[in-house]
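FYI, it's all coordinate maths here, none of it is from the lab. All values derive from a computational prediction rather than experimental measurement. Using ideal geometry, Cβ is built from the backbone for each residue, glycine included, and neighbour counts are taken over all protein chains shown.
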Amino acid sequence: MPYLKLSVNRDLSPDEKHALCEEIGRLMPLLPGKTRENTMMDIVSGSYIEMGDASPALNLEVRLFHAAPKENKQNFVREISALLEKKTGVKPARMYMNLIEYESWASGGEYRE
């Protein structure tokens, strides 16, 4: 039940956003128990993001239900960084990412631990 929010300071068309969701979805199994089908994605393009200047930059937040092994997170970050650079033109040095792991979650009208 991951939730992924990508904010990028360049414009993406609806088709580009959908394609990005599909490609990110193929990476989700790098995190145990995660799939394209159980991942909610929110892609916000055209954000005003400044990091010293307004050059291409992005922020990615990935919320996970339960902790994932460190090696899996390292592989996921490596792969998604390469994908985002290819698809958005943002260099990894201008990408900030948060992987936030929760011990409780709610979905489908149910509280889970």
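Here are a few things to note about the model shown:
- Among Thr35, Thr88, the ranking by other beta carbons within 10 Å of each residue's beta carbon, starting with the fewest, stands as Thr35, Thr88.
- Global form of region 3-106, assessed from the alpha-carbon gyration tensor, a/c cut-off 1.5: prolate
- Positive-end extreme of charge dipole, the chain - chosen from Leu27, Val62, Tyr111 (charges on Cβ): Leu27
- Under a model in which nothing but the beta-carbon of Lys, Arg (+1) and Asp, Glu (-1) is charged, the chain shows a dipole of about 280 debye around its Cα centre.
- The trypsin sites (Lys or Arg not before Pro) of region 23-113 that meet both conditions, a loop assignment by DSSP and at most 15 other Cβ atoms within 10 Å of the site Cβ, are Arg36.
- Share, in percent, of DSSP beta bridges within the chain that are antiparallel, nearest 5: 40 percent
- Top of Asp11, Asp53, Asp42 by mean-square fluctuation, Gaussian network on the chain, Cα under 10 Å: Asp53
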